[in-house]
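Asker: After the structure tokens below, expect a handful of questions from me.
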Amino acid sequence: MEHIFTHFPNGKREDLIPILQVIQDEKGFLSEETIDAVGKYLRISTNKIYGVATFYDNFRFGPVGRYHFRLCQGTACHVAGASTLQKELEKLLKVHAGETDKSGLFSLEVASCLGACGLAPLVEVNDEFYTNITLESLKELVRMIREKENETL
Amino acid sequence: MECKIEVNNKMIPAREGESLLEALREHGFKIPTLCHMNRFSPTGACRLCVVEVEGMKDLVTSCSYPVKDGMKVKTNSQRVIKARKSLVELLLSNHPDDCLYCQRNGHCELQWLAGEMNVKERKYFAGKLTDNPDYSSTSVARDPAKCVLCSRCVRICEEVQRVTAIDFISRGNETKVNSAFRKGLNVSSCIQCGQCIQVCPTAALLDISHLEKVQAALGNHKKQVMFVISPSAIASVTELMGFKAKDKVLERLTAALKRLGAGKVFNMGTAADIHVMEEAGQLAEMLKNKDKEHQPLMSSCCPSWVRYVSVFRPKVLPHLASVKSPGHIAGSLLKTDYAREHGIAGENIYTVSITPCVAKKYEASWEKNTHQGVSEVDAVLTVRELFRLLRSFGLNLAQMEEEAPDSPYQQSSAAAYKLGYSGGKAEAVARELFRIMKGNSKEKFRFLQPKSMAGKRETQVTIGKKQVGFAWVSSIAEAEDYLDALREEGRDDIHYIEVMACLGGCAGGGGQPISRGFDKPKARKKLCGDMEKTATWQSASENTVAADFFARIPFRGNKLWEQANK
Amino acid sequence: MSVETMQDTRQFLTNKVLLDPRRDEDAGIRKSLSYIAGERVHNPMIYVGMGTCGRIAGAERTFHAIKEYLEDQDANVTLVEGGCVGLCKEEPIVDIQLPGKARLSFGRVSHDQVQSLLDDILNDNLPDAKPPQWQYPNPILQKWEGISTLQEHPFFSGQQRLLMEHCGVIDPVSIDSYIAKGGYWAFIDTISSNTPAQVCGIITESGLSGRGGGGYPAGKKWLAALEAVSDNKYMVCNAVESDPGSYMNRAIIESNPHRLIEAALIASYAIGASKAFIFIREEFSLAIARLEEALKQARDYGITGHHIFDSGVNIEVVIKKGARAFVCGEETALNNSIEGKRAMPTSKPPYPAEQGLWQHPTIVNNVETLYNVPLIMKNGVEWFRTTGTEKSNGTKVFTLSGRLQNYGTVEVPMGTSFRDIVYDIGGGLKSKQDFKAIVLGINTGSYITKETLDTRVDFEELKNIGGALGSGAFVVLDTGVCMVDLARFFTAFFKKESCGKCIPCREGTARMLEIMENATRRPSENNSFQTLERFKGVMQLKSLAGVISETSLCSLGKSSPNAILNTLKHFKQEFDAHIFERKCSANICTDLRIYFIDVDACTGCTACFKKCPVDAIIGSPRYPHYIVQDKCIGCGTCFDVCKFNAVLIK
């Protein structure tokens, strides 16, 4: 991780969150080893770093699934029925919001306002957006993904 | 700048810019607080100290609101009372209802607040907080279910001890106090000082109990349980019971413990004297050899300080004195020398230290203090545990008779009592050093206290032509800052530093009865001073028992055990 | 004067435009500027709206289709990745400008329509199948016959686009276009002819007040920071925008990032700060990318950095990415986040203007507030005061969403009525249901109901009806929305986003949520104890809400009970129906209703079995069917399809 630390030569407390963000962008999540290394570099207790990282929603401590679902739960999406869809999606993917399933196939994240309120409800799957979704279209989407995954097995 | 403010329709004097809470408390207004800590900057987290200030739409927290000339404050309006009560009710809504089974029953700040606020019903129903208690550490037990997130433990661990073994994790209602990745305290950077226990308002932080194993040993007829009571523990018990130095608390404790089934009860004072003599001896050698590499010599009887150095400042390790702490000197002596003299098998002796320290529990587990799996000190009871033990057996010290502690460890010098507070050990070691180095000189020992205790606490002792510098610090923050200052200023005039991890030294130890603020440590220190006056001897080497042993068995390294095994 | 190379352009813009206050007086300069800005074009120009909203609607595919087409044709056409004009309903929007003619906007251009569209228009023919939505009228360009103008479009006619004037029009990451359109003129003029105190005075006099929801006078805040004594001062732009119903800050940053930089520079100058932070949510990846590009351009131009244009002024602008927490929108929490700590608010006083970042004087301003600043400095106080009402000057940007025909980002002058926004600009409701309410930003939880529809967008008027403007979220609800459920949703949001520092917010939001869940969910056993608890809970709501708003540390906690209190105020009958009758008129709280099949009436026709969307009904043909309660989502489909009245509701 030296290559990351060279971008933050002063190694100050205010660099903590940017460093963690760069690490997560590169490695996908924050592990114990990475947090230890950051702690040594910035001379901050790892307990404090963990405390800062767990405060914010964006930091993850385990990898996301091969298919990462981001379901929007903004006000307009909620009004369009996104809350019910969340429950159904959790059942379909067999995973709770904020978690990755055991096989590493699916993970689900709840976002607030992806920025397309007129196309509510919507879900993002690995950078692809699916708008005006319904329970049916979600079922179909998940079915297609599972089929594709089974093919490649 | 002096000014006047109106509180509950009464004018009181105050100072511009000070916190409203300070002003109110100074004039006798009772304001409840939870997250507030004296000498720490206010966080405004608990909101219990809210008051009404004219001109402010909402209630304000008096801890963080500055006094302004002419402000009008109400501390007991309906709004304020209702708010405070609701806040406590909210805290209680998910707090486990374990009072009857809880160790802090009767001494819990949350209980006290509920009483003060006149909480009469369970207003808000919520799921009880549950969490996995952490008993992994040797010294500090954590029960996060009882935590009210007041932040006091986090702040003391971070700001005073510079360790941050625990911190807030997650957010909102999910917030917990824990270490990284929720691992046990034993694998975190915790230095086992127990200052967090001292500041915790509930039973979320407690000491790891050795009571059970002591009670088991007492009930085991094969074992001879030998209690060794440290002088600072004696002072602490004296203070708590409201006694004076002349009230012979040690003798009462001896009688009480004997009633419990103790085989022997000893005064740790002699071991303390041996310890001081040894440490002064090391210091003398360092000075004689002009050993700049190990200068300044630093005390190592505080296990938290030793742990801190091992984890955070390994370069300081060579400076630590290699002397066993008094408790382990006593334990070693009992299991070898004493056992042999009295024809008892060493493994049948169960040694119990009574100290105001939770880190001693950690020290007892160190590899270098155990021999083939047997520790020199089998159990360590804090003053708190001692009281629980006495209570559970219905023993009341106030009505106890007096019994002399067992021979030969009955009395101590004044030096032993000096170890009970910050600065005392430095003076005791200085006095011993003076005796070692003065030779035939007739000069008198002088230990001049610094003019102000607020700045650096250090002094120079004249021994013949030499000036030997002694310093003392308590709390890791002070130790760190002092070491940094010495390095930055390039000073080499300090030869010995007494380092105690607890604020105020052992007088503020993690195992002391829990109290807020600095009053109690001060009272204990004063009692130590009074007890010094009643001690049999003045300096450590005047202790005939100690001097005798010292002549026979120097304690450098583990020579005692080697001899025992021969 | 013709400007050929980039280097020439830069020299021209620097010497003749930025550094020369008389730039506007020369007709030759004006003409050059109109070409650089893209107002006039030498070659055809195609501009694709590529804000986040556009991308979600498919604009990227459209863009690539256009790119391929142009490459195939080897056409000499400029293709621009643009910003968002605001009418997200029409996205993907493709603008086409032919030399000498007015710019046209085509809506809903999917990638498969690209070929025929370009075949037509690039040959000067208006496509019949896909007529343009509007044109941008310009006296120097030829108007197209029969095409209405932007201003005539009902979505735009009621707007006054001051902050958004360039959104969807200019290339967001072209500093040349920005300068050509008048950008950075205000900043360079200000640092050479105004003192910081004068700038604070001008902003104060203009009456500009915070657009993030607080409504605090911006100039007053700046003056306090200017007067504070310190070596280091900081300016922070709050681009956190975590309100779950708004994205207009993101949209305008994506569409015109340079103006934010200019505003941050002016604000920094006004208080004597040498470093400005733009604190923006990590998820706004497009906005961040464009902002970084714009910042790089500004640095290259020498507009930020040391000794800006030989003025002796040093200002560095830094982008800081937020790791997502709603509470970061609170200024002291934001400062803590910049410092690398948990974003927990701290007590005020002291206020950030005296003790902010690292205990130094700091001003924190909302994005929309800042976008006004260069305009006020360029056009003057009098100009600014002509827009809006007496007490509330200027405009307000809203994100329209919910059950409206037209949705997107709009900018209206203060004083516009909410009715006009819903029915004129928004085009009315898109569903057949009736209008019920508008919910403004989550931090206010204010509702505009049928009775208050004629209230105008104005800080005072909203205060008078017991509400507040909020940050700019504007979600229109019809009778198909359950207000109790919405209040529960908001409360759940606050509980999740509470930082956990103070007792009233941390515990109080959890307790309020439990009470609301009781109100909208079926109890596990419908016994009298649970009923009593439900009633007790509701009765305590008001008292609990009062304590939370009076004692919370920060505005998040203080405003967390607002949604519930406002629902109780405006929609009490709905609330009562949920509690006492366990009935949800909007049919949203499906948990309240228990559907079951009367075995005697059921003929086993399997109609419900086939229609159940979650397969919660089991049964074989001609045998009575059974609804599995755990799987049932209460949609009522079985109830609707049963011809035998065998599906009953408990």
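A quick yes/no check of all residues on (1) assigned to a loop (DSSP other than H, G, I, E, B); (2) within 11 Å of B:Cys196 (Cβ to Cβ); (3) more than 14 Å from chain A (Cβ to nearest Cβ):
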site	(1), (2), (3)
B:Ala145	no, no, yes
B:Val148	yes, no, yes
B:Cys153	no, yes, no
B:Glu158	no, yes, no
B:Phe168	no, no, no
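Asker: Working only within segment A:91-127, note down all residues that are more than 10 Å from chain C (Cβ to nearest Cβ), among the charged types (D, E, K, R) and over 12 Å from the mean Cα position of the chain (by Cα).
Answerer: Selection gives A:Lys94, A:Asp101, A:Lys102.
Asker: Going through B:Ser64, B:Ser41 one at a time, which residue ends up being under 38 Å from the mean Cα position of the chain (by Cα), within 11 Å of chain C (Cβ to nearest Cβ) and either under 18 Å from C:Ser552 (Cα atoms) or crowded, with 17+ Cβ neighbours inside 10 Å (or both)?
Answerer: Being under 38 Å from the mean Cα position of the chain (by Cα), within 11 Å of chain C (Cβ to nearest Cβ) and either under 18 Å from C:Ser552 (Cα atoms) or crowded, with 17+ Cβ neighbours inside 10 Å (or both) holds for just one of B:Ser64, B:Ser41, which is B:Ser64.
Asker: Just the residues that are under 24 Å from the mean Cα position of the chain (by Cα), among the hydrophobic types (A, V, I, L, M, F, W, C) and within 13 Å of chain A (Cβ to nearest Cβ), please, taken from segment C:309-355.
Answerer: Result: C:Val318, C:Ile319, C:Ala323, C:Ala325, C:Phe326, C:Val327, C:Cys328, C:Ala333, C:Leu334, C:Ile338, C:Ala343.
Asker: Could you check segment B:171-200 and list, in sequence order, the residues that are within 14 Å of chain C (Cβ to nearest Cβ) and in a loop (DSSP other than H, G, I, E, B)?
Answerer: B:Arg171, B:Thr175
Asker: Examine segment B:431-445 for a residue that is surrounded by fewer than 24 Cβ atoms within 10 Å (Cβ to Cβ) and under 22 Å from the mean Cα position of the chain (by Cα), and state whether such a residue exists.
Answerer: No; the residues of segment B:431-445 include none that is surrounded by fewer than 24 Cβ atoms within 10 Å (Cβ to Cβ) and under 22 Å from the mean Cα position of the chain (by Cα).
Asker: Provide a single number: the residues in segment C:543-599 that are farther than 30 Å from C:Asn645 by Cα, among the aliphatic types (A, V, I, L, M) and without any contact (Cβ under 8 Å) to a residue 40 or more places away in the chain.
Answerer: Count: 3.
Asker: All but one of (1) within 17 Å of B:Phe266 (Cβ to Cβ); (2) over 27 Å from the mean Cα position of the chain (by Cα) hold for B:Val352, so report the exception by its number.
Answerer: (2)
Asker: Working only within segment B:104-118, note down all residues that are part of a loop (DSSP other than H, G, I, E, B) and either within 14 Å of chain C (Cβ to nearest Cβ) or surrounded by 18 or more Cβ atoms within 10 Å (Cβ to Cβ) (or both).
Answerer: Matches in segment B:104-118: B:Arg104, B:Cys108, B:Met117.
Asker: Residues that are farther than 28 Å from B:Lys258 by Cβ: list the helices (runs of 4 or more DSSP H) wholly contained in segment B:291-393 that include at least 3 such residues. If you could, list the steps in order and put the result at the bottom.
Answerer: Numbers: elements: B:303-312, B:326-333, B:339-342, B:359-363, B:383-392.
Ranges flagged: B:303-312.
Asker: How many residues, within segment C:66-76, are surrounded by fewer than 22 Cβ atoms within 10 Å (Cβ to Cβ) and either modelled with pLDDT of 95 or more or outside any loop (DSSP other than H, G, I, E, B) (or both)?
Answerer: Total satisfying the criteria: 7.
Asker: Please give the helices (runs of 4 or more DSSP H) falling wholly within segment A:1-103 in which 2 or more residues are among the charged types (D, E, K, R), modelled with pLDDT of 90 or more and surrounded by fewer than 16 Cβ atoms within 10 Å (Cβ to Cβ). Break it down stepwise before answering.
Answerer: On the way: elements: A:2-5, A:16-27, A:32-42, A:46-55, A:75-79, A:82-93.
Answer list for segment A:1-103: A:16-27, A:32-42.
The rows are residues; the columns are (1) farther than 27 Å from A:Arg43 by Cα; (2) of a type in the set (Gly, Ala, Ser); (3) in the same structural domain as B:Leu34 (by TED's automatic domain parsing).
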{"position": "B:Val60", "(1), (2), (3)": "yes, no, yes"}
{"position": "B:Gly70", "(1), (2), (3)": "yes, yes, yes"}
{"position": "B:Asp97", "(1), (2), (3)": "yes, no, no"}
{"position": "B:Leu100", "(1), (2), (3)": "yes, no, no"}
{"position": "B:Ala114", "(1), (2), (3)": "yes, yes, no"}
{"position": "B:Arg122", "(1), (2), (3)": "yes, no, no"}
{"position": "B:Thr138", "(1), (2), (3)": "no, no, no"}
{"position": "B:Asp143", "(1), (2), (3)": "yes, no, no"}
{"position": "B:Glu158", "(1), (2), (3)": "no, no, no"}
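Asker: I'd like to verify a number: residues in segment A:54-77 that are facing another protein chain (nearest Cβ under 9 Å) and in contact with a Gly (Cβ under 6 Å, 6 or more places away or on another chain), how many?
Answerer: The total comes to 3.
Residue-by-condition table, conditions (1) outside the structural domain of C:Asp420 (by TED's automatic domain parsing); (2) on the phi > 0 side of the Ramachandran plot; (3) crowded, with 24+ Cβ neighbours inside 10 Å; (4) touching a residue at least 60 places away in the same chain (Cβ under 8 Å):
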position	(1), (2), (3), (4)
C:Lys450	no, no, no, no
C:Leu453	no, no, no, no
C:Phe459	no, no, no, yes
C:Asn464	no, no, no, no
C:Ala468	no, no, no, yes
C:Gly472	no, yes, yes, yes
C:Ala487	yes, no, yes, yes
C:Ala492	yes, no, no, no
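Asker: On to the next question. Can you tell which of C:Thr14, C:Thr52 is closer than 17 Å to C:Ile179 by Cα and not assigned by TED's automatic domain parsing to the domain that holds C:Lys378?
Answerer: It is C:Thr14.
Asker: Residues to consider are B:Asp69, B:Asp97, B:Asp58; find the one that is surrounded by fewer than 15 Cβ atoms within 10 Å (Cβ to Cβ) and within 8 Å of chain C (Cβ to nearest Cβ).
Answerer: After ruling out the rest, the residue left standing is B:Asp58.
Asker: Further, regarding this structure: For segment C:471-486, enumerate the residues that are hydrophobic (A, V, I, L, M, F, W, C) and under 18 Å from C:Gln405 (Cα atoms).
Answerer: If the condition is that a residue be hydrophobic (A, V, I, L, M, F, W, C) and under 18 Å from C:Gln405 (Cα atoms), then C:Ala473, C:Phe474, C:Val475, C:Val476, C:Leu477, C:Val481 are the ones that fit.
Asker: If a residue counts only when it is under 27 Å from A:Asp25 (Cα atoms) and not aliphatic (A, V, I, L, M), which helices (runs of 4 or more DSSP H) contained entirely in segment C:213-282 have at least 3 such residues? Can you show your working first?
Answerer: Details: elements: C:218-227, C:248-255, C:257-271.
Passing ranges, in order: C:248-255.
Asker: I'd like the full set of residues that are over 17 Å from B:Glu121 (Cβ atoms), among the hydroxyl-bearing types (Ser, Thr, Tyr) and in a helix (DSSP H, G or I), limited to segment C:537-565.
Answerer: Within segment C:537-565, C:Ser549, C:Thr551, C:Ser555, C:Ser559 meet the criteria.
Asker: Report the residue count in segment C:597-618 for those that are modelled with pLDDT of 85 or more and within 20 Å of C:Arg521 (Cβ to Cβ).
Answerer: Qualifying residue count, segment C:597-618: 1.
Asker: Output the qualifying pairs, or none if there are none: Cβ atoms under 9 angstrom, residues six or more apart or on different chains, first residue in segment B:448-475 and part of a loop (DSSP other than H, G, I, E, B), second residue loosely packed, with under 14 Cβ neighbours inside 10 Å.
Answerer: B:Lys456/B:Ala485; B:Arg457/B:Gln449; B:Gly464/B:Gly439; B:Gly464/B:Ser441; B:Gly464/B:Glu443
Asker: If you don't mind, there's one more thing I want to ask. Looking at C:Phe474, C:Phe459, which one is of a type in the set (Phe, Trp, Tyr), within 19 Å of the chain's Cα centre (by Cα) and more than 13 Å from every other protein chain (Cβ to nearest Cβ)?
Answerer: Of C:Phe474, C:Phe459, the one residue that is of a type in the set (Phe, Trp, Tyr), within 19 Å of the chain's Cα centre (by Cα) and more than 13 Å from every other protein chain (Cβ to nearest Cβ) is C:Phe459.
Asker: Cβ-Cβ below 7 Å, separation at least six or inter-chain, first residue in segment B:367-386 and touching a residue at least 60 places away in the same chain (Cβ under 8 Å), second surrounded by fewer than 19 Cβ atoms within 10 Å (Cβ to Cβ) and of a type in the set (Lys, Arg): which pairs?
Answerer: B:Ala379/B:Lys213
Asker: What number of residues within segment C:24-59 are surrounded by fewer than 18 Cβ atoms within 10 Å (Cβ to Cβ) and basic (Lys, Arg)?
Answerer: Summing the residues that are surrounded by fewer than 18 Cβ atoms within 10 Å (Cβ to Cβ) and basic (Lys, Arg) in segment C:24-59 gives 2.
Asker: I need the full set of residues from segment B:253-290 which are of a type outside the set (S, T, N, Q) and without any contact (Cβ under 8 Å) to a residue 24 or more places away in the chain, in order please.
Answerer: B:Glu285, B:Lys288, B:Lys290, listed by residue number.
The values are calculated or read from the model by the stated rules, or taken from the named source; none is laboratory data. From a predicted model like this one, the values you see are computed outputs, not experimental measurements. Methodologically, a virtual Cβ is constructed for each residue, glycine included, from the backbone with ideal geometry; neighbour enumeration extends over all protein chains shown.
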